[in-house]
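**Student:** Supplied in structure tokens, the structure appears directly below.
The values are calculated or read from the model by the stated rules, or taken from the named source; none is laboratory data. A quick note: this is a predicted structure, and the numbers were derived from the prediction, not measured. Every residue, glycine as well, gets a Cβ built from its backbone with ideal geometry; the counts of neighbours run over all protein chains shown. Accessible surface is based on the protein model in full, side chains and every heavy atom, while ligands, DNA and RNA are left aside. Shrake-Rupley method; radii C 1.70, N 1.55, O 1.52, S 1.80 Å.
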Amino acid sequence: QVQLVESGGGLVQPGGSLRLSCAASGMIFIIYSTSTMTWYRQAPGKQREMVATITPNGNTNYPDSVKGRFTISRDNTKRTVYLQMNNLKPEDTAVYYCNLVRIADDYWGQGTQVTVSS
């Protein structure tokens, strides 16, 4: 059974940094390494939005709202994807979810709360 577990969320002041992790279990290396990993977030009353994605060959993509502040990376040997978030703003407050997609497979984690407030 495939599971994605996010960690690293918390309360941080504006301008601060956090590093989120998403560890996959129940998945062999070749399947994980050929999957596209994406971080999404959802703030109260808003739609879920993509904040970072990384393809199997390492190509990344970010929306303008986080470009230059967020960095996604992956360690396939650990079956883990990371989201380094710098210069955090109050509008980054949301529940952050990781997602794994490969062909017909589509898995989600349970989410981790990030709150940016002074």
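**Student:** Report, ordered by the first and then the second residue, all pairs with beta carbons closer than 6 Å, sequence separation of six or more or different chains, a first member in segment 6-26 that is at pLDDT 95 or above, and a second member that is charged (D, E, K, R) and surrounded by 18 or more Cβ atoms within 10 Å (Cβ to Cβ).
**Tutor:** Cys22/Glu6; Ala24/Arg79
**Student:** To continue, here is another question. Mind checking which pairs have a first residue in segment 55-79 that is of a type in the set (Lys, Arg) and a second that is part of a loop (DSSP other than H, G, I, E, B), Cβ under 8 Å, 6 or more apart or different chains?
**Tutor:** From residues that are of a type in the set (Lys, Arg), the pairs are Arg69/Asn86; Arg69/Asn87; Arg69/Leu88; Arg74/Gly58; Arg79/Met27.
**Student:** Report every pair of residues separated by at least 6 positions or lying on different chains whose Cβ atoms are under 6 Å apart, first residue within segment 93-107 and touching a residue at least 24 places away in the same chain (Cβ under 8 Å) and more than 13 Å from Thr34 (Cβ to Cβ), second among the hydrophobic types (A, V, I, L, M, F, W, C) and not in a strand (DSSP E or B).
**Tutor:** Every condition considered, the pairs that remain are Ala94/Ala43; Tyr107/Val2.
**Student:** On to the next question. Just need a number here: residues in segment 61-100 that are surrounded by 15 or more Cβ atoms within 10 Å (Cβ to Cβ) and not in a loop (DSSP other than H, G, I, E, B). Steps first, please.
**Tutor:** As a first pass, look at segment 61-100 and keep what is surrounded by 15 or more Cβ atoms within 10 Å (Cβ to Cβ): 62, 66, 69-74, 76, 79-85, 88, 92-100.
The next check asks that each one be not in a loop (DSSP other than H, G, I, E, B); those that pass are 70-74, 76, 80-85, 92, 94-100.
Result for segment 61-100: 20.
**Student:** Within segment 28-51, can one find any residue that is within 13 Å of Val114 (Cα to Cα), open to solvent by 30 Å² or more (accessible area, probe 1.4 Å) and part of a loop (DSSP other than H, G, I, E, B)?
**Tutor:** Yes, some residue in segment 28-51 is within 13 Å of Val114 (Cα to Cα), open to solvent by 30 Å² or more (accessible area, probe 1.4 Å) and part of a loop (DSSP other than H, G, I, E, B).
**Student:** Moving on. Here's a check for you: in segment 101-115, which residue that is polar (S, T, N, Q) and out of contact with any Phe, Trp or Tyr (no Cβ under 6 Å at 6 or more places or on another chain) is surrounded by the most Cβ atoms within 10 Å (Cβ to Cβ)?
**Tutor:** Per the criteria, the residue is Thr115.
**Student:** Within segment 3-19, identify whether any single residue is within 11 Å of the chain's Cα centre (by Cα), under 21 Å from Asn61 (Cβ atoms) and of a type in the set (S, T, N, Q), and answer yes or no.
**Tutor:** Scanning segment 3-19, I find no residue that is within 11 Å of the chain's Cα centre (by Cα), under 21 Å from Asn61 (Cβ atoms) and of a type in the set (S, T, N, Q), so the answer is no.
**Student:** Within 16 Å of Asp106 (Cβ to Cβ), of a type outside the set (Lys, Arg) and surrounded by 13 or more Cβ atoms within 10 Å (Cβ to Cβ): which single residue out of Pro56, Pro14 fits that description?
**Tutor:** Numbers: Pro14 fails: within 16 Å of Asp106 (Cβ to Cβ).
Of the residues listed, the single one that is within 16 Å of Asp106 (Cβ to Cβ), of a type outside the set (Lys, Arg) and surrounded by 13 or more Cβ atoms within 10 Å (Cβ to Cβ) is Pro56.
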